[in-house]
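Have a look at the structure below, then the notes.
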Amino acid sequence: MDREGIVLDPWGTSHVKDYRRLMEQFGIEPLEGELIERLPYKHRLVRRRIIFGHRDLEMILRAIEEGEEYAVMTGIKPSGEFHLGTKLTSEEFIYFLSLSPKARGFFAIADLEAYADNKIPLEESYRIALSNLMDMLALGLDPRRVYVYRQSQEMPVMQLAFIFSRSVTYNTLEAIYGPRPFGLYLSALVQAGDILNPQLPHHGGPKPTVVPVGADQDPHIRLTRDLARKYRGEFGFVPPAATYHKLLRDLTGQEKMSKRNPMGILYLTESLESARRKVMNAFTGGRATAEEQRRLGGEPEKCVIFVELLSTHFLEDDKQLEEWYWECKSGRMLCGECKARAWELIGAWLKRHQERRAKMRDLAERLLEEKTLS
Ligand code: SF4
């Protein structure tokens, strides 16, 4: 909350209507042109500009091109089952890992943050983390290329947080995050420790690191980049790069998912019947009457079915997506038929995913216990 204009709240609700303005305000670079061309493989999230911006991605592209090692860092707060938002971040993490055999993944389970923000006891967050990890593995995470840890068990990360606390004042944290309970300030320092953990000597020392995040997490990235510069002399840290994805609406069209509105959240673990009901009730860009929609066409760019479900998550083929767009826009397709078609895709995906994740329990348990499998 340190500048006038758009307010980014990593623990709450952020609204971003104008991403150009956001980028200007916080110094985020657009992900476009030559940078996209240099990516060895263009994920649908890149092709469709859902990942819209970056800081220092050039450094990661150079590492890919020159065959040098780099780290991909992410974390989840184990406060609930996987949903479309966590799926998005996980897919980006897996994507950046897939771009080079030299990439190494670091996956932090933010159980201390879950305790500070949501009062979730550590035993409970362990159970949730296990379930989340099953989803990550089912989404394609290669368990041999990732280091998984719980913040509460990772002494070097806590030591880093303590070291960082020497040079961060209350005023700095308040300027970045606004007035908060001290536990959240502490967990912000622990997160900075997470992000720089891959660069500690026992993980091979300083290296380019990329952190894929939602736009609302930028305050953590800015704090960590400042700390990396401050402690460069002591640790040799390279300020981490980041990529940013857009903040997507929930199924009811609200700006941010909230557990207070369960109809808005599609969990990857929920029953197909419950998921179907949510999809069929999702917010659309349809007109008031069928007659009006046939005459004027729908508004797919405002529609959760089109933007959040098909374009972001469930329709991989660009040509099919474009045809879908024009069927809506021209009024040839009405929302009832469209939702039924969308559900066929989504339901089939969910069923496959749930079958896959059910087989991942043992692997997820081993990974949580052993941190890394070779
Ligand atoms: S036809 Fe489909 S894409 Fe178009 S507004 Fe209705 S639900 Fe959305």
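Residues 212, 239: which one is within 21 Å of residue 166 (Cα to Cα), in the same structural domain as residue 85 (by TED's automatic domain parsing), touching a Ser or Thr at 6+ places or on another chain (Cβ under 9 Å) and not in a helix (DSSP H, G or I)? Show your work before the answer.
Details: 212 fails: within 21 Å of residue 166 (Cα to Cα).
After applying the criteria, what remains is 239.
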Next item on the list: Please work out which residue is nearest to the ligand (Cβ to nearest atom), limiting yourself to the range 294-339 and to residues that are within 14 Å of residue 283 (Cα to Cα) and among the basic types (Lys, Arg).
Entry: 339
Item checked: Odd one out for residue 194 among (1) in contact with a Phe, Trp or Tyr (Cβ under 8 Å, 6 or more places away or on another chain); (2) not in a helix (DSSP H, G or I) -> (2)
Item checked: Check on residue 77, among the basic types (Lys, Arg) and surrounded by 21 or more Cβ atoms within 10 Å (Cβ to Cβ) -> yes
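So for the range 76-88 (the condition being more than 12 Å from the chain's Cα centre (by Cα), among the acidic types (Asp, Glu) and farther than 20 Å from residue 130 by Cα), does at least one residue qualify?
Quick first cut of the range 76-88, residues more than 12 Å from the chain's Cα centre (by Cα) only: 78-81.
Pick out the ones that are also among the acidic types (Asp, Glu) and you get 81.
Pick out the ones that are also farther than 20 Å from residue 130 by Cα and you get none.
No, every residue in the range 76-88 fails to be more than 12 Å from the chain's Cα centre (by Cα), among the acidic types (Asp, Glu) and farther than 20 Å from residue 130 by Cα.
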Check: Within the range 342-374, how many residues are at pLDDT below 95 and assigned to a loop (DSSP other than H, G, I, E, B)?
Finding: 4
Checklist line | Residue count for the range 51-77, restricted to those that are touching an Asp or Glu at 6+ places or on another chain (Cβ under 9 Å) and in a loop (DSSP other than H, G, I, E, B) | finding: 2
Item checked: When residues of the range 243-298 are limited to those that are assigned to a helix (DSSP H, G or I) and aliphatic (A, V, I, L, M), the one farthest from residue 346 (Cα to Cα) -> 296
Check: Do we find a residue being closer than 26 Å to residue 275 by Cβ and either of a type in the set (D, E, K, R) or free of Cβ contacts under 8 Å to residues at least 60 places away in the same chain (or both) anywhere in the range 49-66?
Finding: no
Notebook entry, point to check: Looking at the range 240-260, is at least one residue closer than 30 Å to residue 285 by Cβ, modelled with pLDDT under 95, over 19 Å from the mean Cα position of the chain (by Cα) and of a type in the set (Lys, Arg)?
Noted result: yes
Note to self: Residues that are modelled with pLDDT of 95 or more: list the helices (runs of 4 or more DSSP H) wholly contained in the range 121-187 that include at least 3 such residues.
What the structure shows: 122-138, 155-164
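The values are calculated or read from the model by the stated rules, or taken from the named source; none is laboratory data. Please read these numbers as outputs of a predicted model, since none were measured by experiment. Heads up, the Cβs are rebuilt from the backbone with ideal geometry, glycines too, and the neighbour counts pull from every protein chain shown.
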